[in-house]
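The values are calculated or read from the model by the stated rules, or taken from the named source; none is laboratory data. Keep in mind that this is a model prediction, so the values were computed, not measured. Here the Cβ positions follow ideal geometry from the backbone for every residue, glycine too, while neighbour counts run over all protein chains shown.
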Amino acid sequence: MKYYPTIGIECHVQLATKTKLFSEVDNDARHKEPNSCVSPVDYALPGMLPRLNGEAVRLAILAGRAMNCEINASSRFDRKHYFYPDSPKGYQITQFYHPIIGEGHVDLPSGGKVRIEHAHLEGDAGKLTHFDSYSLVDLNRVDTPLIEIVSMPDIHSAKDAHDYCKELWRLMIFAGVSYGDLYNGNMRFDVNVSLAPEGSDKLGTRAEVKNLNSFRSVERAVEYEIKRQSKILDAGDKVIQETRGWSDATGETTGQRSKEEAKDYRYMPEPDIPPINLSKEFIDTESAKLPLMPKDYRSLFGEIIPHDTLEIMLDYPQLMRKIAEVAGVLSEEFDSGHTQGRSAKLTVPSQISSATPAIKLLSNLFASVLLAEEKSAEYLNDLPAGKQLNDLAEMNAKKELSSTATKEVFLHLFDPQMRNKDTRSIAKELGVIQENDLGALEKIVDTVLAKPETQKAQEDFRNGEEKVIGFLVGQVMKESHGKANPSSVQEILRKKLK
Amino acid sequence: MKTANKTVTATRLVKDALEKAKHFADYNIFTFLNEEGALKKAAEIDEKIARGEKVGRLAGVPYALKDNFLSPEGDTTASAHILEGCASPVTATTVEKLEAEGAIMIGRANLDAFAHGSSTENSYFGPTLNSHDKTRVAGGSSGGSAVAVALDIVEFATGTDTGGSIRQPASFNGVYGFKPTYGTISRYGVVAMASSLDCIGFFTKTPEDMDLLMSITAGQDPKDMTTLPDYYNENFNGDNDTTEDAACPSGTLRAAQAKSSRPVEHIASSAASPIYKIGIIKDFDNDVVDVSIRNALKEKCELLKSKGYEIVELEMPTLKYALAAYYIIQPAEVASNLSRYDGVRYGFRSENSTDLDGLYENTRSEGFMAENKRRIMIGNFVLSSGFYDAYFLKAAKARTLIINEYNKAFEKCDFILTPVSPNPAFKLGEKVNDPVAMYLEDLMSVSLNLAGVPGLAIPAGETAEGLPIGLQLVGPRRSDKKLIEFSKELI
């Protein structure tokens with residue numbers, strides 16, 4: 001039988017705050033010793049009280065706005081109880097009853113739309129590493145701020161599941177609320193999959209695959225679940241409502257916990273944290289700090305940058321901001337930090353037309369560098385200045401730089417040692433500026449034409465042998481030490497050899 | 001408060017206190033005596049005095065610290081086996097404030113483990129004995145603190161009051177015991193019992209001392225989001241909504257405060273000798289209450305009348321639900337707050353386990369007292385899926401009604417005078433095996449915690465057997481200073 005899959009996704013996003021959700025210790029535990037980013041509050045000493053990090057609330061507002069969500073004027077924290085060594089307090093502080101982020105939606109690049117049910121703030125758990133006879137506990141990650149984004153069951157294919165997750169990731173990194181480093185678990189996905197007979201208006205029983213940490217594994221897990229559940233249904237059996245784990249190695253999901261074994265979390269309002277009451281003014285002020293989102297870039301540059309190139313570039317917010325800067329659509333430059341400098345505003349899109357050639361050139365260059373060089377992260381952390389790029393585009397447009405020379409100079413712009421130089425000096429140093437002065441070029445052409453070794457070629461050309469023009473251009477280029485603009489040279493030659 | 005000076009040194013005061021503490025060792029008041037630390041601090045203060053330097057308002061004053069306040073001096077055990085041997089790297093905000101004024105902790109005072117109890121019999125270190133009759137209980141949970149002050153070992157002691165744990169032992173031992181408005185004093189560094197009810201307060205021998213301690217310790221603490229701005233010393237710029245929010249974890253208190261038609265200003269701005277109206281709750285004048293306590297209340301009413309104050313009778317029918325609501329909300333928060341004691345990171349860990357579940361089960365079974373376990377079970381039951389609405393949510397609604405009832409009452413009067421507990425100090429062991437009888441001891445004290453209003457236990461004579469009687473003076477939220485001031489009229 002044919003089945004129609006229905007998929008809902010829960011996504012945990014770690015927020016890029018400086019400190020933890022409820023304490024003042026460093027929130028960035030990458031490259032740090034286990035248990036070195038832990039305060040008495042995170043460690044749950046007796047008598048310790050949580051202190052809500054206002055920055056996490058602000059980032060949650062931005063994340064919510066990035067997903068077109070309502071921000072709730074009043075939200076509250078609750079305690080979710082369970083015993084496990086990754087949870088020092090014996091409960092997780094989350095928002096079960098009154099989340100901060102309300103309904104919204106995410107537009108998929110393919111044109112689909114996934115509604116957001118809600119999203120809430122909560123603290124992350126610690127990390128356990130298991131060995132044969134013991135386990136080690138690392139509490140560095142305890143109470144790293146998370147938002148959990150809960151989608152409506154609006155997804156119906158593995159590919160859309162993949163695209164939704166990827167678009168969410170883009171929204172989060174463009175909004176600057178998360179580092180979005182999937183390898184380090186900055187975003188994790190739980191995928192609910194159910195199948196119903198095609199045409200049925202009832203949903204089937206769902207299985208939840210937990211803790212997926214890449215778009216690819218989301219796609220594969222959904223594909224696997226669709227196959228697995230189809231087989232069960234085809235055999236006339238029933239799908240069990242359960243939690244399943246995913247193995248990237250085997251490409252399979254395996255059952256972990258059925259509904260009957262589900263824990264009772266005994267939710268209770270968190271008495272140590274007063275409700276978050278946000279004024280409309282505060283929400284509006286914070287929402288206004290939302291930077292340009294992928295959809296803004298698509299509408300700005302969709303007709304200038306080829307679709308495939310743009311979609312590649314849209315994985316890199318820094319890059320898009322740079323293009324926007326070159327295009328002159330940002331009123332001020334962004335800081336590189338995750339939590340500052342989000343005050344960019346769109347100016348008049350019509351300005352873009354004058355910058356179109358520059359945008360085309362730079363998007364081409366960036367895309368080719370990114371695709372070819374496997375160095376994207378490095379490159380992108382330290383992009384050339386907007387002026388350097390503008391100058392490069394201008395020199396290219398004036399034909400002062402050949403396309404080869406343009407790329408060469410472009411790559412040199414990434415060299416930190418070149419950072420303080422202007423593009424022209426760099427091009428000069430490299431000796432790649434083309435000679436466009438027609439008077440000077442004519443003199444060089446005359447010199448070449450006077451040389452005995454070119455006489456036969458001149459005669460052949462006049463006799464209609466077109467292809468020898470290449471030889472003559474080459475001679476002129478040689479004479480000019482490669483700086484002559486070849487098309488200008490050819491033009492002069494043709495005129496003189498008439 | 002007797003502070004140190006050139007003739008009576010801090011060292012003298014501390015030595016005297018330590019000697020008395022040892023003299024009364026059989027009362028089992030202290031879980032730890034801070035001899036070395038206290039004498040060292042006393043010497044430092046004496047040096048300061050000798051050099052003519054400025055010393056604090058509590059210079060050299062010895063005090064007892066209820067053993068659920070964190071400080072690096074001595075282990076913070078909360079009189080619980082599961083926390084035995086736990087030295088704290090953290091100092092409670094209240095301890096910091098007291099010591100900044102020169103107060104010297106001479107010992108940690110015994111309590112019911114995790115402050116669960118009304119007699120200090122639930123202490124892992126054994127019960128503290130009543131200051132007036134060694135065959136009777138000290139009251140609880142702050143039994144050690146109350147007896148330390150009553151026996152004049154120290155000038156004052158700290159306490160915590162979740163449902164009466166300061167006021168009841170104060171009344172059992174004939175001293176002043178104050179539970180302030182919720183959020184007045186920071187809870188940071190105090191072992192939590194039930195977070196939305198817990199209040200930090202003190203035991204003293206006079207209202208003046210109480211006022212001094214309050215003025216030192218009240219105020220907003222960035223480490224405790226539920227603290228109020230320092231209204232006690234009127235030391236804050238405006239009182240904006242944000243700070244008001246911070247005071248009210250459930251939101252209901254805030255709503256109640258906003259609705260209250262008789263704000264503190266009414267009292268504060270009254271004439272120099274205001275003619276207060278004092279409310280008496282009719283329902284509390286019945287056979288459940290010991291006759292000597294009822295008589296003491298009548299005497300005090302006559303005294304007030306003779307001074308020109310008006311006595312008004314109040315009907316507060318909702319208060320009869322206070323105890324039931326309290327014994328749902330409180331165990332729920334207790335169960336939650338005790339979850340962290342799992343033997344994984346600190347404290348007692350059972351050695352009899354082979355796997356993780358066993359570690360939890362054995363550690364908590366062996367580490368908690370029976371009363372702790374009773375509350376954990378009740379708390380988890382009322383929070384469990386399917387029962388939350390019927391129990392916890394219902395109790396939370398009852399709590400809102402009780403808040404409203406107090407607001408209405410304070411439209412008719414300025415303060416309310418009631419017994420603290422139905423009976424004077426009972427015999428050791430008398431109620432140990434009857435938890436409900438023990439819970440009934442809290443009948444008149446718990447509604448204040450549910451409503452977040454302040455209450456001061458006041459000594460009000462003795463029974464025929466010579467047992468202290470206590471009354472409590474209750475005021476609207478943030479009336480704490482006026483309330484302590486007014487209590488002098490009852491002497």
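At-a-glance table
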| item | result |
| --- | --- |
| Lone qualifier among B:296, B:335 - being in contact with a strand residue (DSSP E or B) (Cβ under 7 Å, 6 or more places away or on another chain) and in contact (Cβ under 8 Å) with a residue 24 or more places away in the chain | B:296 |
| Looking only at region A:40-92, and only at residues there that are polar (S, T, N, Q) and part of a loop (DSSP other than H, G, I, E, B), the one that is nearest to the other protein chains (Cβ to nearest Cβ) | A:87 |
| Scan of region B:36-78 for residues that are closer than 30 Å to residue B:117 by Cβ, out of contact with any Leu (no Cβ under 9 Å at 6 or more places or on another chain) and not in a loop (DSSP other than H, G, I, E, B), ordered by number | B:37, B:64, B:69 |
| Failed criterion for residue B:86 (all others in (1) at pLDDT below 95; (2) away from every other protein chain (no Cβ under 13 Å) hold) | (2) |
| Top-ranked residue of region A:480-497 - restricted to ones that are small (Gly, Ala, Ser) and within 10 Å of residue A:444 (Cβ to Cβ), ranked as surrounded by the most Cβ atoms within 10 Å (Cβ to Cβ) | A:484 |
| Total residues in region B:42-67, condition surrounded by fewer than 23 Cβ atoms within 10 Å (Cβ to Cβ) and more than 26 Å from the chain's Cα centre (by Cα) | 12 |
| Flag if residue A:270 is farther than 20 Å from residue A:96 by Cβ and surrounded by 15 or more Cβ atoms within 10 Å (Cβ to Cβ) | no |
| Spans of helices (runs of 4 or more DSSP H) in region B:188-262 with at least 3 residues of a type outside the set (A, V, I, L, M), over 19 Å from the mean Cα position of the chain (by Cα) and modelled with pLDDT under 95 | B:241-246, B:252-259 |
| Elements of type helices (runs of 4 or more DSSP H) in region A:391-459, at least 1 residues being more than 34 Å from the chain's Cα centre (by Cα) and charged (D, E, K, R) | A:423-430, A:438-450 |
| Residues located in region B:70-97, provided they are in contact (Cβ under 8 Å) with a residue 24 or more places away in the chain and more than 25 Å from residue B:213 (Cα to Cα) | B:80, B:81, B:82, B:83, B:84, B:85, B:86 |
| Residues located in region B:1-43, provided they are farther than 21 Å from residue B:137 by Cβ and among the aromatic types (Phe, Trp, Tyr) | B:32 |
| Residues within region B:384-400 that are polar (S, T, N, Q) and within 12 Å of chain A (Cβ to nearest Cβ), tallied | 2 |
| Region A:299-308, residues that are surrounded by 17 or more Cβ atoms within 10 Å (Cβ to Cβ), modelled with pLDDT of 90 or more and not in a loop (DSSP other than H, G, I, E, B) | A:301 |
| Region B:443-467 - residue that is within 20 Å of residue B:175 (Cβ to Cβ) and over 18 Å from the mean Cα position of the chain (by Cα) and, of those, surrounded by the fewest Cβ atoms within 10 Å (Cβ to Cβ) | B:466 |
| Residue check, residue B:357 surrounded by fewer than 19 Cβ atoms within 10 Å (Cβ to Cβ), within 14 Å of chain A (Cβ to nearest Cβ) and either modelled with pLDDT of 95 or more or assigned to a helix (DSSP H, G or I) (or both) | yes |
| Looking only at region A:249-294, and only at residues there that are among the hydrophobic types (A, V, I, L, M, F, W, C) and within 8 Å of another protein chain (Cβ to nearest Cβ), the one that is nearest to the chain's Cα centre (by Cα) | A:273 |
| Close pairs (9 angstrom Cβ cut-off, 6 or more residues apart or separate chains): more than 13 Å from residue A:494 (Cα to Cα) in region A:442-467, surrounded by 11 or more Cβ atoms within 10 Å (Cβ to Cβ) and among the polar types (S, T, N, Q) anywhere | A:444/A:480; A:448/A:454; A:448/A:475; A:451/A:475; A:453/A:475; A:454/A:475 |
| Residue selected from region B:206-227 under the condition among the charged types (D, E, K, R) and either in contact with a Pro (Cβ under 9 Å, 6 or more places away or on another chain) or within 14 Å of another protein chain (Cβ to nearest Cβ) (or both), by the criterion farthest from residue B:459 (Cα to Cα) | B:223 |
| Among residues of region A:2-39, those that are aliphatic (A, V, I, L, M), within 14 Å of chain B (Cβ to nearest Cβ) and assigned to a strand (DSSP E or B), counted | 0 |
| Every residue from region A:419-441 that is in contact (Cβ under 8 Å) with a residue 12 or more places away in the chain and of a type in the set (S, T, N, Q) | A:423, A:434, A:436 |
| Which numbered condition residue B:196 fails, given (1) farther than 30 Å from residue A:54 by Cβ; (2) in contact (Cβ under 8 Å) with a residue 40 or more places away in the chain | (1) |
| Residue that is within 14 Å of chain A (Cβ to nearest Cβ), within 23 Å of residue B:127 (Cβ to Cβ) and modelled with pLDDT of 95 or more, where the choices are B:381, B:368, B:426 | B:368 |
| Number of the condition not met by residue B:91 [criteria: (1) more than 11 Å from every other protein chain (Cβ to nearest Cβ); (2) surrounded by fewer than 19 Cβ atoms within 10 Å (Cβ to Cβ)] | (1) |
| Condition met for residue B:308 (farther than 26 Å from residue B:198 by Cα, more than 10 Å from chain A (Cβ to nearest Cβ) and in contact (Cβ under 8 Å) with a residue 12 or more places away in the chain) | yes |
| Every residue from region B:171-185 that is within 14 Å of chain A (Cβ to nearest Cβ) and over 13 Å from residue B:158 (Cα atoms) | B:182, B:183 |
